[in-house]
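Data block below; observations after.
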Amino acid sequence: MSERVLWHNARLASLDGPAPWGWIENGALLTEGERIAWVGDASAAPAHDSVRDLGGAVVTPGLVDCHTHLVYGGQRAREFEMRLHGAGYEEIARAGGGIRSTVAATRAAGEGELLALAQRRLDALAGEGVTTVEIKSGYGLSLEAEARSLRVARRLQGADVVTTYLGAHALPPEYTGRQDDYVAAVCDWMAALQAEGLVDAVDAFCEGIGFTPAQTRRVFEAASALKLPVKLHAEQLSDQGGTQLACKFDALSCDHLEHLSPAGVQAMAKTGTVAVLLPGAYYFLRETKLPPVAALREAGVPMAVSTDHNPGTSPTLSPLLMLNMACTLFRLTPEEALRGMTVNAARALGLADRGRLAAGLRADFCAWDIEHPNELAYYFGRNPLRLRVRGGRTQP
Ligand code: NIG
Ligand code: FE
């Protein structure tokens, strides 16, 4: 039997139960191996083998970054500069830059190099409290290069990794003028990648510069045939109705959503699909159209918040900054933002075993040097993380 450890002297934002923040002022947690065995008021703590003093810190669930593109070669600072000289994101993409330039750099990099680059990025996320991260492929765009990226994602240390196959991210140069053939290839590769244990979910970029709803449907049909859950980069630059399509396939999440229509909101509410909001991309592309947060809230659509770390539209490695931006730019409340990077982010990954502090869930939590959890969204550029525990173990 595993050791029963009582983590006490904690002020818990459990995000569980009806109280705001799931707050427990004089809180304690009992962990047993990788799991939480009990959460509650310290005065009622059950029997235990050892204690750890959390020093009065605010304790939250470990952060879940549910949408990233962490594995890639190169960077796109030059493209950032071009945009400041007046070029548009879509214009650069259509001219063969954008995602395609990262594809070239990713294909040219060896597996060891990709691993080292991605590990450094993951370390930065973990340094701000991330214990679970989703990582998409989509910068390889061949069977071999997509497999390599997903294998790298699986090899990363320091957080639990959920992998998403995003073959339908952009058209690789060797398929120029043959978009439907490429979509067929993306569907063909899926089974091989799944057989290698590399795919937890399937994503697509449904957009004018990405793939049409009809092509996205084919990718989703292939995923459904393999019983893989789907999610979608939807309505980022225009309203394509991708969200309604994704909901027909019971999508775990639709992500970005700046141009989401009222019909899209209703579709998400019906299927319980999570709206993943990505303030970093909104900020970095200097978008002006806001995602319909009030309508999503009104309809009861769960909202998540993520870094969308990628070299083109969101080169941030700060989940805490995203909590701040979710509030300042998108007008989420600090509690909605934190729920967005814990419980709702876990839901966007189909993970019911984390995201809250409750008995039976994974012992993933963070202790912060703050007085109140609203400070996590308040500061920007300050990291108050004191301690990160993953699967019951204190992380370096
Ligand atoms: O989440 N929208 C598509 N994919 C990424 C951007 C990829 C890139 O520009 O490299 C995103 O914004
Ligand atoms: Fe993305």
(Q) So in the range 195-221, with the set limited to residues that are in a helix (DSSP H, G or I) and in contact with a strand residue (DSSP E or B) (Cβ under 8 Å, 6 or more places away or on another chain), which one is surrounded by the fewest Cβ atoms within 10 Å (Cβ to Cβ)? (A) P213
Q.
I'm told T164 meets every condition in (1) assigned to a helix (DSSP H, G or I); (2) of a type in the set (S, T, N, Q); (3) within 16 Å of ligand 1 (Cβ to nearest atom) except one. Can you identify the failing condition by its number?
A. (1)
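Within 16 Å of ligand 1 (Cβ to nearest atom), crowded, with 21+ Cβ neighbours inside 10 Å, touching a residue at least 24 places away in the same chain (Cβ under 8 Å) and not in a strand (DSSP E or B): which single residue out of G74, G138, G96 fits that description? Steps first, please.
Working: G74 fails: crowded, with 21+ Cβ neighbours inside 10 Å; G96 fails: crowded, with 21+ Cβ neighbours inside 10 Å.
Of G74, G138, G96, the one residue that is within 16 Å of ligand 1 (Cβ to nearest atom), crowded, with 21+ Cβ neighbours inside 10 Å, touching a residue at least 24 places away in the same chain (Cβ under 8 Å) and not in a strand (DSSP E or B) is G138.
Would it be correct to say that T216 is within 16 Å of ligand 2 (Cβ to nearest atom) and closer than 28 Å to A294 by Cβ? Write out each step before concluding.
Values: within 16 Å of ligand 2 (Cβ to nearest atom): yes; closer than 28 Å to A294 by Cβ: yes.
Taking the combined requirement at face value, the residue satisfies it.
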Q.
Return the residues of the range 288-324 that are away from ligand 2 (no atom under 14 Å from the Cβ) and among the acidic types (D, E); say none if nothing qualifies.
A. E298
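Checking the structure you have, find out if any residue of the range 174-185 is buried (at least 24 other Cβ atoms within 10 Å of the Cβ) and part of a helix (DSSP H, G or I). Even if it seems obvious, please write down each step before you answer.
Going residue by residue through the range 174-185, those that are buried (at least 24 other Cβ atoms within 10 Å of the Cβ) are 183.
So of that shortlist, the ones also part of a helix (DSSP H, G or I) come out as 183.
Yes: one or more hits.
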Q. Tally time: how many residues in the range 28-74 are in contact with a Pro (Cβ under 8 Å, 6 or more places away or on another chain) and over 28 Å from A337 (Cα atoms)?
A. 1
Q.
Can you say whether E335 is without any contact (Cβ under 8 Å) to a residue 24 or more places away in the chain and either within 16 Å of ligand 1 (Cβ to nearest atom) or not hydrophobic (A, V, I, L, M, F, W, C) (or both), as far as the supplied structure shows?
A. no
Q) Mind checking which pairs have a first residue in the range 268-290 that is on the phi < 0 side of the Ramachandran plot and within 12 Å of ligand 1 (Cβ to nearest atom) and a second that is at pLDDT below 95 and hydroxyl-bearing (S, T, Y), Cβ under 8 Å, 6 or more apart or different chains? A) L285/Y89
Q. Can you find even one residue in the range 322-339 that is surrounded by 21 or more Cβ atoms within 10 Å (Cβ to Cβ), part of a helix (DSSP H, G or I) and among the small types (G, A, S)?
A. yes
**Q.** Subset of the range 354-379 [out of contact with any helix residue (DSSP H, G or I) (no Cβ under 8 Å at 6 or more places or on another chain), assigned to a loop (DSSP other than H, G, I, E, B) and under 16 Å from T132 (Cα atoms)]
**A.** L361, A363, D364
Q: Check off (1) within 12 Å of ligand 1 (Cβ to nearest atom); (2) buried (at least 24 other Cβ atoms within 10 Å of the Cβ); (3) in contact (Cβ under 8 Å) with a residue 40 or more places away in the chain for L252 and give me the number that stays unchecked.
A: (1)
Q: All but one of (1) farther than 22 Å from M322 by Cβ; (2) crowded, with 17+ Cβ neighbours inside 10 Å hold for H67, so report the exception by its number.
A: (1)
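Under 27 Å from E91 (Cβ atoms) and buried (at least 21 other Cβ atoms within 10 Å of the Cβ) - does that describe any residue in the range 264-276?
yes
Quick check on A145: is it surrounded by 23 or more Cβ atoms within 10 Å (Cβ to Cβ) and not basic (K, R)?
Values: surrounded by 23 or more Cβ atoms within 10 Å (Cβ to Cβ): no; not basic (K, R): yes.
No.
The values are calculated or read from the model by the stated rules, or taken from the named source; none is laboratory data. This is a predicted model, so every value here is computed, not measured. Note that we place each Cβ from the backbone using ideal geometry, even for glycine, and neighbour counts take in every protein chain shown.
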